[in-house]
Amino acid sequence: MRSLISCTKPSSPQASDRGPESSKEIPPRKDVLSPQVEVHSVIVDCTVTSRFAHTVMTSKALNKANVPQEIFFEVELPKTAFITNFSMEIENRFYVGEIKEKEKAKKQYEKAVSSGQTAGLVKASGRKMEKFSVSVNIAAESNVTFILTYEELLQRKLGLYEVLTRVKPKSLVQEFKVISLSSACEKSVNAAI
């Protein structure tokens with residue numbers, strides 16, 4: 001099933017509507033993508049073979065603004081998962097993630113952002129990389145595709161193996177799919193948010 005659900009972001013009151021005591025603009029919420037960023041799809045493809053889960057998460061987004069914008073991609077991973085690849089496709093060019101010293105990576109990212117270039121910075125929080133996030137400064141009217149691959153050795157609990165996948169796109173998504181395949185059976189779940 002494929003569904004498209006749309007709604008509009010509540011507009012913030014104009015400075016003149018708030019009275020003379022406040023002339024400052026209300027900053028946008030960071031937990032919601034800009035209305036100029038459109039998320040086309042989020043697809044989670046998980047294959048389980050012999051107690052081993054291989055998951056590829058793909059998200060496609062578009063910066064509809066006529067200026068560069070920062071786009072965020074965040075994923076919560078199981079504590080026992082490990083990332084094997086992260087890459088981005090921006091305007092038909094692939095960028096494969098590489099590990100750099102934290103401060104050096106941050107300076108390189110800030111330099112690229114200040115010059116209006118597309119750049120990404122990956123951050124992991126938690127001692128066991130429970131949260132994976134990347135922020136990308138994407139050029140005006142450009143597409144970006146995030147591709148995250150992670151793997152996990154599954155633990156047996158009460159005779160069953162459980163695959164945990166948590167997806168929080170932070171905006172409406174035109175196409176949302178979770179596809180799960182195992183060596184014993186095949187399942188596909190499609191949902192719309």
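Evaluating Pro68 against the criteria (1) in contact with a Leu (Cβ under 9 Å, 6 or more places away or on another chain); (2) at negative phi leaves one unmet condition, (1).
Pick out, from the range 69-150, the strands (runs of 3 or more DSSP E) lying fully within it that include 1 or more residues that are at pLDDT below 85, acidic (Asp, Glu) and within 14 Å of the chain's Cα centre (by Cα). Steps first, please.
Details: elements: 69-76, 82-90, 93-96, 119-125, 131-138.
Hits in the range 69-150: 69-76.
The values are calculated or read from the model by the stated rules, or taken from the named source; none is laboratory data. It should be emphasised that the depicted structure is a prediction, and the values quoted were computed from it without experimental measurement. Don't worry about glycine lacking a Cβ; one is built from the backbone with ideal geometry, like all the others, and counts go over all protein chains shown.
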